[in-house]
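Let me begin by presenting the structure, written as structure tokens, before commenting on it.
Values quoted throughout were computed directly from the atomic coordinates according to the rules given, and no laboratory measurement underlies them. Being a predicted model, the structure only gives us computed values, none of them experimental. FYI the Cβ positions are ideal-geometry reconstructions off the backbone, even for glycines, and counts take in every protein chain you see.
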Amino acid sequence: MANKHKVVVVGAGFAGIQLILDLKGAGAAITLIDQRNHHLFQPLLYQVATTLLATSDIAWPIRSLFHDRKDVLTLLSTVDGVDTAERTVRLRTGETIPYDTLVLATGARHAYFGHDEWERDAPGLKTLEDATTIRRRLLLAFERAELETDPEKRRALMTFSIIGAGPTGVELAGIIATLAQETLPGEFRRIDTREARVLLVEAGPRVLAAFAPKLSDYAARALTKLGVEVRTGEPVTECTEDGIRIGREFIACRTVVWAAGVQASRAAEWVGAPADRAGRVMVNPDLTVPGHPEIFALGDTAHVEIEGKTVPGIAPAAKQEGAYAAHVIRDRLNGKTSHEPFRYRHSGNLATVGPNAAVIDWGRIQLKGRIAWWLWGIAHIYFLIGARSRLTVAISWLWAYLRGQHSARLITQKETLKPE
Ligand SMILES: Cc1cc2nc3c(=O)[nH]c(=O)nc-3n(C[C@H](O)[C@H](O)[C@H](O)COP(=O)(O)OP(=O)(O)OC[C@H]3O[C@@H](n4cnc5c(N)ncnc54)[C@H](O)[C@@H]3O)c2cc1C
């Protein structure tokens, strides 16, 4: 291992994992560092937050993914800096890890547009902890409402606001409405969960802005049919533990979820690279950091522009970037120095709205409704890792579809909801 080319990969997300898979047999000594012990399938995180899936359905221990790869050393640690002169990565523990090639694939986190204080009351959805926090708040709100005698307080407990109507916001609003309308009503005696108010608030003019306008219209109509109040063109100006403010109107609500913005990880700062407004490293056409051909930035932490178009921050883009960087590293190990620039193949935009309702935008081909919903389900099952996860997710979905039951309705962790 001592004389082998040292590749250090920070981040076991879609980009980092794909890169390592594609470096199999390349002869490098790979060190994979992640602050969590699992790889997470973020596209289905909202289903953990809303009780449809269990955490282990959509996350896999990183060690197990590479158990048969003797060339991969996995370290559970947080990186907090890079010394580009010494070519070392610094861990929070103080240890330094030397590299010949460094891959930064540390993803993104929530952005509160200068209002970080909103995070406590309006958690975002990015990690399993976020998902279980939202799940706990959601379930506790109904439990508290069952105990509450004051109608105003009960109303606030049964009001759920989702801020941001991209795919995550739309999917969350749809599934919370379905939970309140179909799953829970028969189980509560004092409250009628069907009276729950679900708001989806979007500052922009339409929901699902990245999709074709007619699919946005369909999604908004399908959400309204489910009972979701869709409010577009209205930015939220305040989030507190008592509710949210939209313009002059204050809406009392106890459960708020932030799905409005992302900020890249601090990778650009670590290597002193130029960054865009979201903090993403402005990479070269071969995905390396300007001035550092030995450092790659990939996935949500990179700003990749091809012919004036920015590559979107989605899982297929991260995977393609991981595959491309692995290809370049392999070539370099074989003595090849020039490479074609990275090319991105867009595989479409997909989002579900509720039972039997989804939208798929493949550019010239656009689908909506039941067919889109089935295709969305099949695509997501296909992209999960391993037969067990595919099977358990398929069974959970089938159970919810046939019986209207969500199997992961557990309140765990310490309670953080404001006491009544
Ligand atoms: C709720 C949600 C829903 C989404 N839905 C979709 C969807 O439907 N379709 C789609 O294509 N995309 C979707 N996305 C986007 C998609 O998940 C991302 O584009 C993709 O995960 C980016 O991959 P990545 O490898 O760049 O980063 P990530 O997958 O985010 O991985 C980054 C990794 O880096 C680690 N890390 C971060 N900082 C450090 C540090 N300092 N030290 C060590 N490790 C660190 C993290 O723990 C993480 O494991 C969704 C994202 C979210 C949050």
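Odds and ends about this structure:
- DSSP beta bridge pairing in region 1-125, given as percent antiparallel to the nearest 5: 40 percent
- Relative to the longest principal axis of the Cα atoms of the chain, the long axis of helix 167-178 lies at roughly 30 degrees.
- Once both labels are positioned 7 Å from their Cα atoms along Cα-to-Cβ, the gap between Thr96 and Ser56 label points is 4.1 nm.
- Per-q log10 I(q)/I(0), the chain, q = 0.08, 0.10, 0.11 Å⁻¹ (Debye; single scatterer per alpha-carbon; no solvent): -0.46, -0.72, -0.86
- Mean separation of Cα contacts under 8 Å (6+ apart) over length of the chain, as relative contact order %: 20 percent
- Entries in Lys225/Lys309; Lys24/Lys336; Lys126/Lys319; Lys214/Lys319; Lys6/Lys336 that, when Cα-Cα distance is taken, lie over 26 Å: Lys225/Lys309; Lys214/Lys319
- Extension gain, Arg63 back to Ala394 (0.36 nm per residue minus Cα-Cα distance, nm): 116.7 nm
- Per-peptide packing, taken as the mean over residues of other Cβ atoms within 10 Å, places 149-158, 172-181 in the sequence 172-181, 149-158 from highest down.
- Bridge type composition, the chain - antiparallel percent by DSSP, nearest 5: 50 percent
- Calculated [θ] (222 nm, deg cm²/dmol) that DSSP helices of n ≥ 4 give over the chain, each run adding -39,500 (n - 2.57): -9000 deg cm²/dmol
- Once both labels are positioned 7 Å from their Cα atoms along Cα-to-Cβ, the gap between Glu117 and Gln413 label points is 2.3 nm.
- By average C-beta atoms within 10 angstrom, highest first, the peptides 296-307, 113-124, 332-343, 380-391: 296-307, 113-124, 380-391, 332-343
- Highest mean first, the peptides 210-219, 269-278 sorted by other C-beta atoms within 10 Å per residue fall in the order 210-219, 269-278.
- Net length available on complete extension from Thr224 to Phe383 is 54.2 nm, with 0.36 nm assigned per residue and the Cα-Cα distance removed.
- For Glu294 and Arg370, the FRET efficiency from 1/(1 + (r/R0)^6), where r spans their Cβ atoms and R0 equals 41 Å, is about 0.25.
- Helix 387-403 and the long axis of the chain differ in direction by around 10°, with both axes built from C-alpha atoms.
- Percentage relative contact order, region 285-420, counting C-alpha pairs under 8 Å, at least six apart: 13 percent
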